[in-house]
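Report on the following structure.
The values are calculated or read from the model by the stated rules, or taken from the named source; none is laboratory data. Predicted model, so just to flag it, every value in this text is computed and none were measured. Virtual Cβ from ideal backbone geometry, glycine too; neighbours counted across all protein chains shown.
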Amino acid sequence: MGLDIALKDAMTGLRATQAQIQVISGNIANAQTPGYSEQTITQTPIRMPAGGAGVTTSIIQRVSDQLLTTTLAKQSSASSAASTTNNYLQQLQSLLGQVGSGSTFTDAYNNFVSAMQSESATPEDPVAQSAAVNAGQQLAQQLNQFSSGIQSLRANADSDIGTSVTALNTALGQIAALNGSIAQVQAEGQSTATLQDQRDQALNQVAQLMGVTSYDRPDGSMVVLSASGQTLIDGTNVSTFGYTPSGVVTAGSPLSNVTLNGQNITSSITTGQIGALLQLRDTTLPAVTSEMNQFTNNLFNLTTSTNLNTTNSGTNATNDANHFFANVNTASGLDNASTIEVNPALAANASLLYNGISGADPTIATSIASALTSNTTFAAAGNFPSSMTTTLANYGAQIIGQAATAASNATQNNTYQSQLTTQMQNRLQAETGVNLDQELGNLSVYQNAYGASARVISTIQTMYDALMNIAN
């Protein structure tokens, strides 16, 4: 083998080990970078026409596991949905409170019952009359506040959907732009490893917002589909989601739909953060409002007496003359808990609880107090799929109890989904991430190889110098 061929052999080895060292150094530097995949570069022996041999290096590739990546994306959707649901249900439970805490609407109801019972024992007592009216006003205000709180949660969910849709469009745009860059760089024969990592990060952001699936085309670009099959990205072509937050939200407010390229797809988004928010806004929270409406309707119906000399307030569709409460629409009201109030005539004159239509009447308070503790029939509403016969106190306790159960279940599910996500992330990291011990070991090997190639080149240089001296 001539010195020229030996020099070429040594130079290819020097360049190959230098490339390896650069890749390994990059891996070590990015070992803690989120979403970074280990990069590798392979060496291939080459045979030179004039004899001798050398090595060549390939394009830098990243270590990947498509199955684990796809599975993690699906799990990210489930985990994000669980976290969002848990956050809102904890707020709902905090709003409704715990049974017996003294701050729930059932506590206010029990105080009202006690006040009415005291009034029935001494119906002519002005203090007892005022206490009963005041307790009724506190109950009505509590129901108003709870109703407002539920609608505020729906409004927050509505606003969060808008924020999430904006983030979704941004992430999809990033993927489409990266698709273009990856396809171009791959066509030029350059490494796309870093760009692919960035694209996976953007895809994970999309998956947290809604369920998606994806696959790669031969040119390196990615196709992204929604969980229900709509094409979101194909190459650099990207679909656009639309959403306009509704602002003020009431039980009867028409709320915005999520659109894809102008088409309503609200019902098809069932996973991820957006899916959870839609479920909360359109189903979970309205169910509680519906149940509260049943409670309010029956409260209104039970606190009436033909001898109670209150007049029609004119504030709602239902005639509330002879009623303790007013402003309740039992015919078509969607959220009577938001409007109920003590009948203005009674609020202005508490003695009407004793001074009936035909003069003094001690039976008014007695009949109302008795009705408040009696069984009554509630129509199917919310999460109570069939009618039931029970007391107002028990029905209210069931509303609060189911909220507490739902919050507890949501916490457990959130913990489970979070742990499962962490396990999948760790598994993917073990498969595709940087192993520092391994990289440091490889770095030592290639540093020695680099030194060996350098020594060969130095030896050849010495031999060239010796030949030149002989020639001279």
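Worth a mention:
- Taken over the stretch 191-222, the residue count meeting the criterion of being among the aliphatic types (A, V, I, L, M) and surrounded by fewer than 17 Cβ atoms within 10 Å (Cβ to Cβ) is 0.
- Filtered residues of the stretch 382-414 (kept if in contact with a Phe, Trp or Tyr (Cβ under 9 Å, 6 or more places away or on another chain) and assigned to a loop (DSSP other than H, G, I, E, B)): Ser387
- Residue in the stretch 277-296 that is in contact with a Gly (Cβ under 9 Å, 6 or more places away or on another chain), farther than 30 Å from Val206 by Cβ, in the same structural domain as Pro362 (by TED's automatic domain parsing) and assigned to a loop (DSSP other than H, G, I, E, B) present: no
- Residue list for the stretch 256-276, restricted to those being touching a residue at least 60 places away in the same chain (Cβ under 8 Å) and surrounded by 20 or more Cβ atoms within 10 Å (Cβ to Cβ): Val258, Thr271, Gly272, Gln273, Ile274, Gly275, Ala276
- Residue, farthest from Ser148 (Cα to Cα), within the stretch 332-366, restricted to residues that are among the hydroxyl-bearing types (Ser, Thr, Tyr) and surrounded by fewer than 18 Cβ atoms within 10 Å (Cβ to Cβ): Ser358
- Test: residue in the stretch 305-312 that is closer than 30 Å to Val206 by Cα and assigned to a loop (DSSP other than H, G, I, E, B): no
- When Leu225 is tested against (1) part of a strand (DSSP E or B); (2) buried (at least 23 other Cβ atoms within 10 Å of the Cβ); (3) not basic (Lys, Arg), exactly one condition is not met: (2).
- Checking Thr56 against (1) surrounded by fewer than 20 Cβ atoms within 10 Å (Cβ to Cβ); (2) part of a loop (DSSP other than H, G, I, E, B); (3) not hydrophobic (A, V, I, L, M, F, W, C), the condition it does not meet: (2)
- The conditions of being under 17 Å from Ala78 (Cα atoms) and surrounded by 16 or more Cβ atoms within 10 Å (Cβ to Cβ) are met by Gln425.
- Note on the stretch 367-381: residues that are surrounded by 14 or more Cβ atoms within 10 Å (Cβ to Cβ) and part of a strand (DSSP E or B) amount to 3.
- The residue that is nearest to the chain's Cα centre (by Cα), among those in the stretch 351-396 that are without any contact (Cβ under 8 Å) to a residue 40 or more places away in the chain and farther than 19 Å from Phe300 by Cβ, is Pro385.
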